[in-house]
Amino acid sequence: MKRSHASMDKGVVDRRRFLSMALGACAISPPLTCLSMQLAAGTGGSLTKEQRDSMTPSQVIGELKKGNERFRTGKMSPRDYLAEKRSSAAGQYPAAVILGCVDSRVPVEIVFDTGIGDTFTARVAGNIVDDDMLGSMEFACAVSGAKVALVCGHTACGAIKGAIDDVVLGNLTGLLARIKPAVAATKFDGQKSSKNASYVDGVARTNVVLGLDEIRRRSPILEDLEKKGSIKIVGAMYDLATGMVEFIGG
Ligand SMILES: [Zn+2]
């Protein structure tokens, strides 16, 4: 028993030594190296307030781009979810709020390779901007301090196809009505049909751009934070086939 305790103690000491070395390495590295390690989960914990607050909105976008690069090249960071859960239980300091689609193929934490506590995530079919989503984004940025509000659409989106096809079905009808302005506003040479993938993706892109306009028009709080440079409001399109996120604006 004693020996077993001793070896356990030794394990704890070794781990502490390793952690202190890792923290020491962070202290002498450029701040961004540590931050990218945090967003990449390298140090096994969630973002701290200091780390999040020291990032600019552009740096946060840069980290999201790097995370997507890791995802689509199959080099995702090793992640200790239990350590992230432990370190974030008493408080969260996410760097971004991402409004995405409910589509099962676009799990935003995975495609951006982020972990517990890194991002607020709001998902609704067609990533539409409504009052409740705006409220969630205002909470994320104005109350909690997130630096980026990202609207992320995607290729081959079923909600976009439904809006193009004028689908009528229960509560979905009202949701699709919010996408119709994007259908009307999309300039496209060719067959304007839900069977035409390029047209569907064109409407999805317009829907993202109009979503950004809606945020600025309907949320003076977020618009003001953007004008002050405290946050960036940006869009993106995720390609189901390639796994690549293309940023729009910002
Ligand atoms: Zn979708």
Given charges at beta-carbon only (K, R positive; D, E negative), |dipole| of the range 107-230 in Debye: 360
Model label zone, E50; criterion: amide N under 15 Å from point 7 Å along Cα-to-beta-carbon; scope the range 84-99: none
Net charge of neighbours whose Cβ lies under 15 Å from the Cβ of I128, counting Lys and Arg as +1 and Asp and Glu as -1: +1
Given q = 0.22 Å⁻¹, what are the Debye log10 I(q)/I(0) values for the range 47-178, with equal point scatterers placed on the Cα positions and solvent ignored? -1.33
Please give the length that would be gained between R105 and A197 if that part of the chain were fully extended, namely 0.36 nm times their separation in residues minus their C-alpha to C-alpha distance (nm, one decimal). 31.5 nm
R0 of 45 Å, Cβ-Cβ distance S58-V168: FRET efficiency to nearest 0.05: 0.55
Can you give me the C-alpha center-to-center distance between the range 122-137 and the range 60-109, rounded to a whole angstrom? 19
Solution diffusion estimate, µm²/s, Stokes-Einstein, the range 80-132, Kirkwood Rh from C-alpha pairs, 4 °C, viscosity 1.567 mPa s: 107
Above-threshold pairs, the threshold being 22 Å between Cα atoms, out of K66/K147; K85/K227; K187/K232: K85/K227; K187/K232
Run the 1.4 Å probe and let me know the accessible area of R178, rounded to the nearest 10 Å². 120
Relative contact order for the range 133-197 using alpha-carbon pairs under 8 Å, separation at least 6, rounded to a whole percent? 28
Work from the charge dipole of the range 175-250 (Cβ charges, +1 for Lys and Arg, -1 for Asp and Glu, about the Cα centre) and give the residue of P181, L225, M237 farthest towards its positive end. P181
Rg(Cα) of the range 107-250 divided by 2.2 N^0.38 Å? 1.05
Could you compute the net charge surrounding C157? Neighbours are other residues with a C-beta less than 12 Å from the C-beta of C157; K and R count +1, D and E count -1. 0
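The values are calculated or read from the model by the stated rules, or taken from the named source; none is laboratory data. Here the structure is a predicted model, which means the values were calculated and not measured. No Cβ is skipped: glycine too gets one built from the backbone with ideal geometry, and neighbour counts run over all protein chains shown. We work out accessible area using only protein heavy atoms, side chains counted, and drop any ligands, DNA or RNA first. Shrake-Rupley method; radii C 1.70, N 1.55, O 1.52, S 1.80 Å.
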